[in-house]
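Everything on this sheet refers to the single structure shown next.
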Amino acid sequence: MKRTSLRRTSAEKSAKRKKDRELKRDLMTFFSKIWGQRPHRCEACGNPLGQESRTYHFDHLVEKSKHPDRAFDTNNIFLCCLVCHGKKTAGHPMPKHEQAILQYKEINNLI
Ligand SMILES: [Zn+2]
């Protein structure tokens, strides 16, 4: 009995890892599409973001952990530099970032 339950747990873990990998891959595809559509500047402070996109350039205005259904909504993505992303994560977003969050929540009735 113990062996069976261990095996199932392991299978579940493996399935979760696979799901996580797929989500990460899909997010990368989604991000690279946005990278091709927008100017490579921080939408909060205006600093250039460089030639190559980094994962931290893409901020989910409303967290994908709380709103998984909005993980792939282009309007939920805010392009930003590492500094501005850090400020948002710390709970002190730059004014333009905060404005974008409020606007997104208002439009989508999340307030
Ligand atoms: Zn910035």
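Here are some pairs, K64/K87; K64/K88; K16/K88; which of them have Cα atoms lying more than 24 Å apart in this structure?
K16/K88
Along the charge dipole of the chain, Cβ charges K/R +1 and D/E -1, which of T29, F78, H92 sits furthest on the positive end?
The residue sitting most towards the positive pole is T29.
Calculate one ³J(HN,Hα) per residue across the stretch 43-58 by plugging θ = phi - 60° into the Karplus curve 6.51 cos²θ - 1.76 cosθ + 1.60, and present them in order as whole Hz with x for glycine and proline.
My calculation for the stretch 43-58 gives 6, 9, 10, x, 5, x, 9, x, 7, 9, 7, 10, 4, 5, 5, 10 Hz in order.
Taking only DSSP H segments of four or more residues, each worth -39500 (n - 2.57), what value at 222 nm results for the chain once the sum is divided by all its residues, to the nearest 500 deg cm²/dmol?
-17500 deg cm²/dmol
Quick one: what are the phi-derived ³J(HN,Hα) couplings along the stretch 65-74, Karplus 6.51/-1.76/1.60 with θ = phi - 60°, whole Hz, x for glycine and proline?
Here the 3J(HN,Hα) series is 5, 8, 10, x, 5, 10, 4, 10, 8, 4 Hz.
About the Cα centre of the chain, how large is the charge dipole given +1 on each Lys and Arg Cβ and -1 on each Asp and Glu Cβ? Please answer in debye to the nearest 20.
Approximately 920 debye in magnitude.
Return the long-range amide H neighbours of R41 (sequence gap of 5 or more, or a different chain), with a cut-off of under 5 Å between placed amide H atoms.
L49
Taken together, the values in this text are just the output of simple stated rules run on the coordinates, not laboratory data. Computed from a prediction, not measured in an experiment: that's the story for all the values here. In this analysis, Cβ positions are derived from the backbone assuming ideal geometry, glycine residues included, and neighbour counts consider all displayed protein chains.
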